[in-house]
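One structure below.
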Amino acid sequence: MTGIRTLTLLAGTLLAACSSADRKPAETPKDRLVHTLFTHVEKGEILYGHQDDLCYGHAWKVEDWESDDLTRSDVKAVTGRYPAVLGVELGGIEMGNKASLDSVDFNLIRKAVLTHAERGGIVTVSWHPRNPLTGGDAWDVSSDRVVKSLLEGGELHGLFMDTWLKRLGDFLESLEGTPVIFRPWHESSASWFWWGSKLCSEQDYRELFRTTWTYLVKARGLTNLLWCYSPNSGVSAEEYMSRYPGDEFVDILGLDHYEFIGPDGLGESGARFAQELKRSLTFLNVLATDHHKLMCLSETGLESLSDPEWWTGVLYPAVKDFPVAYVLTWRNACDKPLHFYAPWEGFENASDFEAFSKLENIVFLNN
Ligand code: BMA
């Protein structure tokens with residue numbers, strides 16, 4: 001299809017640029033991952049990802065991160081293979097906490113990132129930082145002054161730069177150059193996080209994103225970050241771009257989009273999910289081509305997977321014709337029996353996920 005062809009040309013150009021003797025850009029971990037992702041897209045492949053996969057799963061978790069070799073995975077238990085993309089979450093790192101907001105030790109998170117990368121996988125990092133002004137969590141939207149307070153001239157600018165971003169930078173630096181897709185300030189088109197659309201102006205949002213980028217890339221010199229901008233679904237192309245930080249600060253255009261079952265039942269909600277996804281991916285494809293960016297479905301899923309054919313019947317048909325680098329389904333909480341987005345060992349509707357994992361253009365890890 002046209003989008004894939006355009007990206008193919010782009011990947012070709014990128015390759016040519018890299019091999020050209022006179023241009024020889026210094027190849028960074030980020031450049032290598034961009035290249036890998038474009039190569040998959042060029043082949044029409046979509047990588048499958050799962051949040052927190054190696055750290056815990058449905059009714060289990062890694063107890064001792066030092067001795068555990070991180071071989072357990074709900075996805076592997078069902079399909080025989082690890083997901084190609086591992087998502088990890090850094091909420092709490094800004095506070096200097098030992099464990100994330102989902103109670104995962106940051107040492108375990110680091111080990112999971114390094115282990116997954118050694119196995120040939122790709123990593124993406126999300127961050128749900130606490131609300132620095134109110135002391136609440138990322139979902140505390142009681143003040144619309146939080147973003148402003150972090151920017152230059154704001155009363156919390158010093159704390160943001162010298163403590164929060166520093167701690168975040170220390171962790172990202174400790175990944176030993178492993179490239180990761182970093183996805184801060186996500187779902188900004190909605191208003192359930194303190195950086196959401198009703199909580200700050202477009203200009204202040206862009207400044208927040210750029211300040212984060214400038215600190216990590218320029219001040220800390222990190223060359224292992226790919227930057228993903230990922231508003232929530234339900235917006236027009238114009239609304240999607242209204243808070244776009246700019247081409248210099250973004251490598252991947254992401255989208256977070258979930259299925260929610262309404263009163264009209266499964267069939268209808270699946271159809272609604274797919275229709276909205278295709279509408280969004282259609283404009284995302286145009287934007288990605290125009291801005292020379294990758295695109296991905298940065299978060300998705302149907303909680304509890306009550307549709308037995310969600311993978312091949314709903315998700316796959318909706319994404320298969322788009323140059324989506326990866327789709328990432330959300331976490332399988334170890335302590336909330338109904339909060340899971342991938343099947344687990346013993347889950348009775350796992351066969352459709354297995355069928356999805358065997359589709360020719362869907363990529364899981366082979367080792
Ligand atoms: C949400 C839920 C929460 C979790 C948060 C950050 O979607 O899964 O339980 O704390 O993501 O991972």
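FYI, it's all coordinate maths here, none of it is from the lab. What you are looking at is a predicted structure, and each value in this text was computed from that prediction instead of being measured. Neighbour counts are summed over all protein chains in view; Cβ atoms, including those assigned to glycine, are modelled from backbone coordinates with ideal geometry.
Where in the chain are the DSSP H helices whose alpha-carbon span along the long axis reaches 15 Å or more and whose Kyte-Doolittle mean is at least 1.0?
2-19
Tally Lys and Arg at +1 and Asp and Glu at -1 over the other residues with C-beta under 14 Å from the C-beta of Lys293: what net charge comes out?
Net of charged neighbours comes to -2.
For a quick protection proxy, order the peptides 229-242, 261-274, 188-201 by their average other-Cβ count within 10 Å, most packed first.
Taking the mean over residues of other Cβ atoms within 10 Å, the ranking is 188-201, 229-242, 261-274.
Would you list Glu173, Glu45 from fewest to most Cβ contacts within 10 Å?
Glu173, Glu45
At Ser142 and Phe249, where each label point lies 7 Å from the Cα along Cα→Cβ, what is the point-to-point distance in nanometres?
2.9
Test of understanding: what is the full-extension gain from Thr223 to Ala190, defined as 0.36 nm times their sequence separation minus their Cα-Cα distance?
Computed gain between Thr223 and Ala190 is 8.9 nm.
What three numbers, in Å, describe the spread of the alpha carbons of the chain along their principal axes, ordered from the longest?
55, 52, 46
Report the calculated FRET efficiency for Glu202 and Asn366 (r = Cβ-Cβ distance, R0 = 51 Å), to the nearest 0.05.
For Glu202 and Asn366, the calculated efficiency is 0.75.
Of Trp213, Trp127, Trp311, how do they rank once you tally other Cβ atoms within 10 Å and put the fewest first?
Sorted ascending by nearby Cβ count, the order is Trp213, Trp127, Trp311.
Please give, to one decimal in nm, the separation of the simple spin-label points placed at Ser304 and Glu276, each 7 Å out from Cα toward the Cβ.
Here the answer is 1.9 nm between the modelled labels.
In nm, to one decimal, how far is the Asp162 label point from the Lys358 one, both placed 7 Å along Cα→Cβ?
Those two pseudo-labels are separated by 6.0 nm.
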